[in-house]
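Data first, discussion second: the structure below is written as structure tokens.
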DNA sequence: ACCTGAACACCGTTCAAGT
DNA sequence: ACCTGAACACCGTTCAAGT
């Protein structure tokens, strides 16, 4: 039977979840699909493009959220982190695809964050930068968190009894989001109180 | 004559600057040093560790800066960006080494930023997070900037006359730093004005 | 249109053996 | 102590040729 883009992305996601990004190779993927490596190049121009499609699959559950600009930024950040944590090496893969400009979903998310920044009163020339700053934070924080998480999971299932102390990663994550939201919010305060030089 | 760690890092930095990170392979590096690939493994445990040493070399010029906490964060961010832009794919290489926890220099820089955040009145439990948030931004922004810069340089030396319009990257970079500094500064305001819930 | 076979030009890492 | 030789187990990508 014929190979479709969907099947390829399905199989790629399965390899990612079960074995991680270092095992997600074109040859391994072809083997899993019972085709020759060359077959993949009929459907995708190169590996980067295929990884971009996997990134978009990972980001599918991240949609627009309702509410004021603060809630929208916090909500998007939270669901983005959740989506990344739902797949092995998710943060690393999406980071790479974002940097390579291969994720349409990421472009969409940056757009939503930019709109929220605009509502916050950020100068139109800088809304995209504010949005990307939030994305850099979420990707960086989550990649860190995930690598520690996966290292712990591999090393030992709770070596000593002290693994629940100090690692409320979610609370720490939210603190960082709050910091960013506050920074974005200063633009608003400045218009209201006229503190701008 | 004997091979020393310094020589290896020197040669690696030269390859990086002249051909980019994708040409910085163990085999290529060995060839340039007139040794067998295996020789490198006497001096470095693996490629990640070697790249960490290159990252530390790149970050050598990034030192502590004087002044109040706002100036220290802005100063460190600026000199960090400058250091990354001084080497081909510098941001990408340092990002990877930072994520892999292989750069001592990066740990030092995060320490300085954390100290500045503490001076800003950030809760001691969150100074490291505030510091890392700044680092995520600088690495993300600069990697983006550098990839565009290098793409433009490769494609054509000014295809049309419009290349100086809208790309004052430094001004944009500073805006993002200001956003972060403002977010960190809100902690201070809250103590002063007692706005905290 | 879609895929195979086979090649091209590489990788990182290990390790017995040499000096 | 430091390095070579040689192997192991892979990579991504291309492309004539087949169906």
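The values are calculated or read from the model by the stated rules, or taken from the named source; none is laboratory data. No experiment lies behind these values; they were computed from the predicted model shown. Here Cβ is always computed from backbone atoms with ideal geometry, including for glycine, and neighbour counts include all displayed protein chains.
Quick notes
- For the stretch A:152-174, the set of residues classified as modelled with pLDDT under 95 and facing chain B (nearest Cβ under 10 Å) consists of A:166 only.
Residues checked against (1) within 28 Å of residue A:145 (Cβ to Cβ); (2) out of contact with any helix residue (DSSP H, G or I) (no Cβ under 7 Å at 6 or more places or on another chain):
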| site | (1), (2) |
| --- | --- |
| B:21 | yes, no |
| B:29 | no, no |
| B:41 | no, yes |
| B:92 | yes, no |
| B:97 | yes, no |
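- The residues of the stretch B:33-47 that are closer than 16 Å to residue B:102 by Cα and surrounded by 14 or more Cβ atoms within 10 Å (Cβ to Cβ), listed by number, are B:43, B:44, B:47.
- Test: residue A:135 is part of a helix (DSSP H, G or I), at the interface with chain B (Cβ under 10 Å from one of its Cβ atoms) and at pLDDT 95 or above: yes
- Scanning the stretch A:117-131 for residues that are more than 7 Å from chain B (Cβ to nearest Cβ) and either under 13 Å from the mean Cα position of the chain (by Cα) or closer than 15 Å to residue A:182 by Cα (or both) yields a total of 8.
- Members of the stretch B:26-35 that are without any contact (Cβ under 8 Å) to a residue 12 or more places away in the chain and near DNA strand C (Cβ under 7 Å from one of its atoms): B:27
- Flag if residue A:63 is without any contact (Cβ under 8 Å) to a residue 24 or more places away in the chain, more than 16 Å from DNA strand C (Cβ to nearest atom) and within 16 Å of the chain's Cα centre (by Cα): yes
- Being within 16 Å of DNA strand C (Cβ to nearest atom) and modelled with pLDDT of 95 or more is a condition met by no residue of the stretch A:67-78.
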